[in-house]
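Trainee: A single structure is presented below for examination.
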Amino acid sequence: MVETNGKYLFGICKVGEKGQIVIPKDARNVFDIKPGDSLVILGDKEKGIAIVKAEVFSSITDDIMGKN
């Protein structure tokens, strides 16, 4: 793992035959991802894929929509 000013490079993973990936342990630790957590997968054809914990995504959308 390489970290610079809160930006991380966790390494490389491969996509398995069923389309699954393994999130590196360091990434799971930094972002507190545990078995059973829900993740939101976002994508942009030019910028790539982002993975966000569902609870974080929900909090962001609540802020955007003005919910408390």
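Trainee: Hey, Leu39 hits all of (1) exposed (fewer than 10 other Cβ atoms within 10 Å of the Cβ); (2) touching a Lys or Arg at 6+ places or on another chain (Cβ under 7 Å) but one; which does it fall short on?
Mentor: Of (1) exposed (fewer than 10 other Cβ atoms within 10 Å of the Cβ); (2) touching a Lys or Arg at 6+ places or on another chain (Cβ under 7 Å), only one is false for Leu39: (1).
Trainee: The conditions are (1) open to solvent by 90 Å² or more (accessible area, probe 1.4 Å); (2) in a strand (DSSP E or B); (3) not hydroxyl-bearing (Ser, Thr, Tyr), and Asp63 fails exactly one of them. Which is it?
Mentor: The number of the failed condition is (2).
Conditions tested, residue by residue: (1) open to solvent by 60 Å² or more (accessible area, probe 1.4 Å); (2) of a type in the set (D, E, K, R).
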position: Glu3; (1), (2): yes, yes
position: Gly11; (1), (2): no, no
position: Asp26; (1), (2): yes, yes
position: Asn29; (1), (2): yes, no
position: Lys45; (1), (2): yes, yes
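Trainee: What are the pairs, 6+ residues apart or on separate chains, where a residue within region 42-68 that is of a type in the set (A, V, I, L, M) has its Cβ under 8 Å from a residue that is in a loop (DSSP other than H, G, I, E, B)?
Mentor: The qualifying pairs are Ile51/Ile23; Ala54/Asp37; Ala54/Ser38.
The values are calculated or read from the model by the stated rules, or taken from the named source; none is laboratory data. Fair warning: this is a prediction, and the values are worked out from it, not measured in the lab. As a convention, Cβ positions derive from the backbone with ideal geometry for all residues, glycine included, and neighbour counts pool all protein chains shown. We work out accessible area using only protein heavy atoms, side chains counted, and drop any ligands, DNA or RNA first. Shrake-Rupley method; radii C 1.70, N 1.55, O 1.52, S 1.80 Å.
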